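The structure under discussion appears below in the form of structure tokens.
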Amino acid sequence: FYAAIAVYGYVQWSKPKIHITIKKVAVKHTLFFLTISIGFSILLGLIMSKTDADKTYYDAASTGFSLVATFMEIYKYALAWYFWIGINLFSIWLYQQKELNLFTVQMVLFTLLSINGAYQWHRKTQLS
């Protein structure tokens, strides 16, 4: 799924006639994105609870918020980076709970990259 979304994002960002600028998000839109993320998380949690997976609702929350963050990033909403920071920090905790140390380290790196992304996009919005 994420590979297909990556291709879609690449196509969106590569369109020569369309210049997508980084967008700041109003509070009401932030609440909208949070509501959609929570909705996806609950729906995925209900589906995953039918399996024998461990921590289904935690995994579902990570996935639900990641889906929304991915689409926000495709359309260059600066809020996406803050979602990613939160998702990555949550994932650090989740992977530690499951004793998946390599994934924990990966999430630490992703958190640092997300902080850098937020900083870079914030700078670009200040310059324009």
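Summary of computed values
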{"quantity": "Cα long-axis angle, helix 27-48 against the chain (0 to 90 degrees, to the nearest 10)", "calculated": "30 degrees"}
{"quantity": "Over segment 47-106, equivalent-ellipsoid semi-axes from the Cα gyration tensor in Å", "calculated": "23, 16, 7"}
{"quantity": "Peptides ranked, highest mean first, by Cβ atoms within 10 Å: ranges 63-73, 84-94, 47-57", "calculated": "63-73, 84-94, 47-57"}
{"quantity": "Helical contribution to [θ] at 222 nm, DSSP H n ≥ 4, -39,500 (n - 2.57), averaged over the chain, rounded to 500", "calculated": "-27000 deg cm²/dmol"}
{"quantity": "Rg/Rh for segment 14-66, where both radii come from Cα atoms and Rh is the Kirkwood radius", "calculated": "1.22"}
{"quantity": "The chain - Kirkwood radius from inverse mean 1/r over Cα pairs (Å)", "calculated": "15.8 Å"}
{"quantity": "Under-5 Å amide H pairs with LYS23, H placed in peptide plane, nonlocal only", "calculated": "TYR77, ALA78"}
{"quantity": "VAL27 accessible area, assembled protein chains, probe 1.4 Å, Å²", "calculated": "110 Å²"}
{"quantity": "Full-extension gain in nm, GLN126 to GLN12, via 0.36 nm per residue minus C-alpha separation", "calculated": "38.7 nm"}
{"quantity": "Additional length obtainable on full extension of the chain from GLN96 to LEU109, 0.36 nm per residue less Cα span", "calculated": "3.2 nm"}
{"quantity": "Computed lengthening from MET48 to PHE71, 0.36 nm per intervening residue step minus Cα-Cα distance", "calculated": "6.1 nm"}
{"quantity": "Total lysine pairs under 24 Å (Cα atoms) in the chain, excluding pairs fewer than 8 apart on one chain", "calculated": "15"}
{"quantity": "Surface accessible to a 1.4 Å probe, per residue, for the residues of the chain, Å²", "calculated": "66 Å²"}
{"quantity": "Surface share of carbon and sulfur [accessible, 1.4 angstrom probe, percent] for the chain", "calculated": "69 percent"}
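The values are calculated or read from the model by the stated rules, or taken from the named source; none is laboratory data. Predicted model, so just to flag it, every value in this text is computed and none were measured. Note that we place each Cβ from the backbone using ideal geometry, even for glycine, and neighbour counts take in every protein chain shown. Keep in mind that these areas ignore ligands, DNA and RNA; they rest on the heavy atoms of the full protein, side chains included. Shrake-Rupley method; radii C 1.70, N 1.55, O 1.52, S 1.80 Å.
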